[in-house]
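Here's the structure we're looking at; comments come further down.
Just so it is clear, none of the values below were taken in a lab; they were calculated from the coordinates. Only a predicted model underlies this, so the values are computations on that prediction, with no experimental measurement involved. Cβ atoms come from the backbone with ideal geometry, glycine included; neighbour counts cover every protein chain shown.
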Amino acid sequence: MTVTQETARPTANPRRRPDGRSDGGERSTMSYAFVSVYTVLAVAFGVLPAIYALYLAFTDGDGGFAGIANFTKVVGDFRFLPAVEHVALYLVIWLVALVVLVSFLAIAVHAVRVRWMSRTLRLVFYLPGALAGASSVLLWLFVLDPTASPVSGLLHLMGFSSFVQVIVPANLPPVFAIIAFWTGAGGWIVIMYGALNNISSDVIEAARIDGAGTVQIAWRIQLPLLRKWISYMGIMSLAAGTQLFVEPQLLSQASNAVVPNDYSLNQLAYQYAFQQNDFNGAAAISLLLLVIALALSAVFVMRGGLFERD
Amino acid sequence: MTTMNIGRPVGRRSGVSGWSGRTIVAVVVLLFVFFFVIPIVWLLLATTKSAHMLIVENPFRPGSLGDLAANWNQLFGFQDGAVTAWVGNSALYALGALVITLIASIPAGYAMALTEFRFRRLLLVLTLIVMLIPNTALVLPIFLEMNVVGLIGSPLSVILPMSFFPFGVYLTYIYFSTSVPRDLLAAARLDGCTEFQVFTRVALPLAAPIVALVAFFSFVQSWNNFFLPFVMLPSSDGYPVQVGLTSLLASTPAFNPSSAGAQSVQLPTLALATVISVLPVLIVFLFAQRFLVAGMTAGGTKE
């Protein structure tokens, strides 16, 4: 029945298919039905919010066109530049640590020949990933509080005797970087490990016969072949890192506002929306962050080649 | 190709430096094992101690079951059982989003992989781009949108946005386009299946692994989501447990000295709350390591 319909109604779709075929009416109708729920959700929670943010960012409180006034307002806000600095500093520390340590640990774990040991190591690195968001921050509040910490000796050795001393503003970027690394690194180590497994053992063997040591193999063969994954990790982490929110938010709460509640850009947007009732200003900040994330992901989709079907 | 560069033999030197190098690497790896493990082990032990023990005694000495029970009672007695309500909310939001995610993304991924329709390409590019945007980026605009339609505070205000899960569609798309041959579907059509039957009788039974994978990711992501419910749900009754943790934190005198009072929470109780807030995900993680990696690497395994 389907087949007859297909031949009877050559095409409901004027556009050419790349392979020269045309679709049957029922077929493409059904395709639309299959994607309908997802499309509605994508429009409602992907496209519309972005457009709405765009609209709000360029209008004033009464809906009149405001040009770039909202942007000059938020950028000129005395809290904006410090927030950018905080986030940037955190990102630099975190990304460098991530790239260097994840590559190192993945190659080191990959070199472990004892099977159960390698498995255990990966599980150990990766398990903290289950503690995302607020839970991992809470855990690290404990670890960083010298009175209760399991490493209080270490903290005292570094000259910290109270929680407030640990979280002075200058320490925060590394603190957030440590939390993010602790939660996120394991997943990437496991991914890199998988990528290393894909390197043919012939290549490694040939290099060994030519006299290359472990370090040379890591440096000249394994690292270059990991480059695609490292850049994937870097871009995803960079995009996610600009969104810093839950860590400073909880710390600000836990520290009685020693950490300000407008520490990061996302927090500042939140303050605009919910403390100042300035949704246009909040939208302007959200849009700036969104543009960064969009640009990064677009670069990756266009250039990465990671998401090609064949 | 890379092999060509490695012409210079290092000779016997590599033996000695290799050995000491290996020791250094082993020590560094061991340090990182401690770094990753100590907080978790300590957290689990902390739930079995009294507040006094936690501060005074050796951090790695286990406490007692009695103290664990006391902490448990304090935690679940907090604000007349608020924690139970939060865990229930988390389950409601995560499972609600899970069901809608599956209904939305499995057919969509299937259609994008194995059928042709006019906006296929557009939908695919949109999916890829949104997938790579951190999910917090659109939260404030979504709040404003929800505000317009008056859904703020309703469970739908978190379930619906969480149900939009482009990563799930992407995984399904990759799965169907690599693992299910189009010929199989064509054969089913010849045998007289309608398009809907082709999907339900042929494609769906083959898709069990990907359904499980999408369900897993969706659940973990929704359960751990903080920013969205934090923004959408103003009242404590509606908090999921991740947001509820902030209330507990605010009632912990050790971190917030102004909170001392009848409802104050001790440190071990807060530790127990942290454990409970991640327990479902932790369990799933333990059993699904392979799964996770398969999903995270799906984009790159195109040998």
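Worth pointing out:
- Alpha-carbon centroids, region A:27-101 and region A:133-182: separation in whole Å: 31 Å
- Square roots of 5 times each gyration tensor eigenvalue, C-alpha, region A:27-90, largest first, Å: 37, 19, 7
- One equal scatterer on each Cα of the protein assembly as shown, no solvent, Debye formula: the resulting log10 I(q)/I(0) at q = 0.06, 0.10 Å⁻¹ is -0.36, -0.98.
- Values of log10 I(q)/I(0), in the order q = 0.18, 0.22, 0.24 Å⁻¹, for region B:97-181 under a Debye, Cα-only, solvent-free model: -0.82, -1.05, -1.15
- Listed peptides A:123-130, A:272-279 appear in the order A:123-130, A:272-279 once ranked by packing, highest mean of other Cβ atoms within 10 Å at the front.
- Length-normalised contact order of region B:80-296 in % [C-alpha pairs under 8 Å, at least 6 apart]: 30 percent
- Averaging over all projection directions, the Cα-based convex hull of region A:155-310 occupies 13.8 nm² in the image plane.
- Rounded if a/c under 1.5, otherwise prolate or oblate - region B:123-225, Cα gyration tensor axes: prolate
- Placing a pseudo-label 7 Å from each Cα along the Cα-to-Cβ vector at A:Leu223 and B:Leu122 gives an inter-label distance of 4.6 nm.
- For B:Trp19 and B:Arg182, a Förster radius of 41 Å and the Cβ-Cβ distance give a FRET efficiency of 0.15, rounded to the nearest 0.05.
- Across q = 0.06, 0.08, 0.11, 0.13 Å⁻¹, chain A modelled as identical point scatterers on its alpha-carbon atoms has Debye log10 I(q)/I(0) values of -0.33, -0.56, -0.92, -1.09, in the order of the q list.
- Normalised radius of gyration (Cα atoms, divided by 2.2 N^0.38 Å) for chain B: 1.31.
- Volume per residue of the C-alpha convex hull in region B:15-76, rounded to whole Å³: 89 Å³
- Alpha-carbon centroids, region A:271-299 and region A:206-238: separation in whole Å: 37 Å
- Taking label points 7 Å from Cα along the Cα-to-Cβ direction, A:Ala97 and A:Phe274 give a separation of 2.7 nm.
- For region B:184-229 and region B:110-150, distance of Cα centres in Å: 18 Å
- Taking the square roots of five times each eigenvalue of the Cα gyration tensor of region A:80-261, the equivalent ellipsoid has semi-axes of 36, 18, 14 Å, listed largest first.
- Placing dummy labels 7 Å off each Cα toward the beta-carbon, the span from B:Thr84 to B:Ala208 is 3.7 nm.
- Packing-based ranking, highest mean first, of A:285-297, B:270-282, B:60-72 given that Cβ atoms within 10 Å are counted: B:270-282, A:285-297, B:60-72
- Rounded to the nearest 20 debye, the dipole size of the protein assembly as shown about its Cα centre is 2000 debye, using +1 on the Cβ of Lys and Arg and -1 on the Cβ of Asp and Glu.
- The slack between A:Asn256 and A:Asn198, meaning 0.36 nm per residue of separation minus the straight C-alpha distance, is 15.9 nm.
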